[in-house]
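For reference, the structure discussed in these notes is given below.
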Amino acid sequence: MTPTLKILVGLICGLLGLGYLYRPDLIERMNAVLRDYVLNDAYIALERRKWGMFFLLVSFLFLYMGWAALPR
């Protein structure tokens, strides 16, 4: 994975994590589209904080790996 791609994945996961924590209505709309394939309504309602923290941690991991691998 290139450093730029790692940073991009980190930013996407960070936005998704913040969405789960602060704007669950947007996540619920996205869930309506992807309900049958990826997510379940119970996860949104009951596991919101857990998923939000997971995506933020993955975001920080990818951002760090991408930042550390950038040429100086």
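The values are calculated or read from the model by the stated rules, or taken from the named source; none is laboratory data. Quick caveat: nothing in here was measured; it's all calculated off a predicted structure. Glycine gets a Cβ as well: all are built from the backbone with ideal geometry, and neighbour counts include every protein chain shown. Areas reflect the complete protein model, heavy atoms only, side chains present, ligands, DNA and RNA absent. Shrake-Rupley method; radii C 1.70, N 1.55, O 1.52, S 1.80 Å.
Taking 35 Å as R0, compute the FRET efficiency from the Cβ-Cβ separation of residue 26 and residue 70 and round it to 0.05.
About 0.70, to the nearest 0.05.
If I compute solvent accessible area with a 1.4 Å probe over the protein chains, what percent of it on the chain is carbon and sulfur?
On the way: 3760 of 5440 Å².
Answer for the chain is 69 percent, counting heavy atoms of protein chains only.
By how many degrees, between 0 and 90 and to the nearest 10, does the Cα long axis of helix 48-69 differ from the longest principal axis of the chain?
Between the helix axis and the principal axis of the chain, the angle is about 10 degrees.
Enter the accessible area per residue of the chain (Å², integer; probe 1.4 Å; all protein chains in place). Intermediate values should be presented prior to the final figure.
Values: 5440 Å² over 72 residues.
Per-residue accessible area for the chain comes out at 76 Å².
Output the relative contact order of the chain, whole-number percent, from Cα pairs under 8 angstrom with separation of 6+ residues.
Values: 72 pairs, mean separation 41.9, N = 72.
This gives 58 percent for the chain.
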